[in-house]
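What follows is one structure encoded as structure tokens, with my remarks underneath.
The values are calculated or read from the model by the stated rules, or taken from the named source; none is laboratory data. Only a predicted model underlies this, so the values are computations on that prediction, with no experimental measurement involved. Cβ sites come from the backbone with ideal geometry, for glycine too, and all protein chains shown count toward neighbours.
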């Protein structure tokens, strides 16, 4: 197996690119760490101190989902270098995930429906 | 030469149309990357996209089952409320999500060292690559060790793929937990093995001989993907 096939791409950095890349990596790890601390802090605080009986849990869940998307944007964009690729390649990589939006909506509704049907079946 | 230059600027189709057969032939012979990145890197991305769909299927199944058992579904802060380390009486502390947060930081830290290894590769700095790959491998091994501790702790409490503990109640919770975190753990293990091979190859001067360190970048993509998937595993099992 030949792992060392000829490549086309930008594989050698000059001093400027290198120092910019280093700074960008530090900034990204700082953002990821802060977002994770905030996420965990909110999750623990809500469980420990909330008095709403889980009524507003959906709001917390939405916030967590947004935080996770932020983390993924930074991991994919900076660490995986996607934001520096050509636009066509970025779209090639990201567009397939539109299917997942459908899948998430469809299967959460499906799950709720299973629970509801179980209730009906138990009634008989 | 002119055709070569236009093709390399990434606008081959527009610029070479009507400029003779030679240009068209060059274009259709292949060997030119429309995305201006190496074939191996493109294929690594495609593999990771397909792997994302596998993980997404698991996590969406988790979401469906959770909505189907919403009343009985266990609370993460209760199930993952202790640190499964016997030393210093840590296992006696009530510390919800602390241990898994530590595991998350291990992966974030390893992603940073990996990106630094890739950057050292861009500078053809052999020992720089090795110096940043070693902590990446160590973080990966530590993550797997933490997962071993957490799994054995949960299994002792009665949560297995086929049974629920007094805290988890729903069997499917344990089932999905072990399958999904196990599948992720297999990816981490694979990454540790590949990164070890990478560090040894770099130290042996393989990539200096080839003239580039693209392999570090390709396996770097894989390693960041492992971190990226953990963001969602962490979200579904521990935060929501």
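Observations, loosely collected:
- Unique residue being in a helix (DSSP H, G or I) and in contact (Cβ under 8 Å) with a residue 40 or more places away in the chain when the list is B:167, B:106: B:106
- Test: residue in the stretch B:176-188 that is in contact (Cβ under 8 Å) with a residue 12 or more places away in the chain, part of a helix (DSSP H, G or I) and within 14 Å of chain A (Cβ to nearest Cβ): yes
- Boolean, residue A:72 is out of contact with any helix residue (DSSP H, G or I) (no Cβ under 9 Å at 6 or more places or on another chain) and within 24 Å of residue B:117 (Cβ to Cβ): no
- Each residue in the stretch B:111-156 was checked for being under 19 Å from residue A:18 (Cα atoms) and in a helix (DSSP H, G or I), and 20 pass.
- Test: residue in the stretch A:108-118 that is more than 7 Å from chain B (Cβ to nearest Cβ) and either touching a helix residue (DSSP H, G or I) at 6+ places or on another chain (Cβ under 7 Å) or closer than 30 Å to residue A:22 by Cβ (or both): no
- When restricted to residues that are surrounded by fewer than 21 Cβ atoms within 10 Å (Cβ to Cβ) and touching a helix residue (DSSP H, G or I) at 6+ places or on another chain (Cβ under 6 Å), the stretch B:197-207 contains 2.
- Test: residue in the stretch A:51-64 that is within 7 Å of chain B (Cβ to nearest Cβ), closer than 26 Å to residue B:55 by Cα and either surrounded by 16 or more Cβ atoms within 10 Å (Cβ to Cβ) or touching a residue at least 12 places away in the same chain (Cβ under 8 Å) (or both): yes
- Put simply, of A:82, A:98, A:94, A:63 the only residue that is out of contact with any helix residue (DSSP H, G or I) (no Cβ under 9 Å at 6 or more places or on another chain) and modelled with pLDDT of 90 or more is A:98.
- Count of the stretch A:78-100 residues which are surrounded by fewer than 16 Cβ atoms within 10 Å (Cβ to Cβ) and under 30 Å from residue A:24 (Cα atoms): 12
- Which listed residue, of B:56, B:63, B:117, is assigned by TED's automatic domain parsing to the domain that holds residue B:203 and crowded, with 22+ Cβ neighbours inside 10 Å: B:117
- Any hit, the stretch B:60-78, residues being more than 10 Å from chain A (Cβ to nearest Cβ) and assigned to a helix (DSSP H, G or I): no
- Unmet criterion (only one of (1) within 30 Å of residue A:22 (Cβ to Cβ); (2) surrounded by fewer than 18 Cβ atoms within 10 Å (Cβ to Cβ)) for residue B:184: (2)
- In the stretch B:90-103, of all residues being part of a helix (DSSP H, G or I) and facing chain A (nearest Cβ under 10 Å), the one that is surrounded by the fewest Cβ atoms within 10 Å (Cβ to Cβ) corresponds to B:98.
- Filter result (within 14 Å of the chain's Cα centre (by Cα), free of Cβ contacts under 8 Å to residues at least 40 places away in the same chain and more than 8 Å from chain B (Cβ to nearest Cβ)) within the stretch A:68-85: A:69, A:70, A:73, A:77
- All conditions but one from (1) in contact with a helix residue (DSSP H, G or I) (Cβ under 6 Å, 6 or more places away or on another chain); (2) within 7 Å of chain B (Cβ to nearest Cβ) apply to residue A:88; the one that does not is (1).
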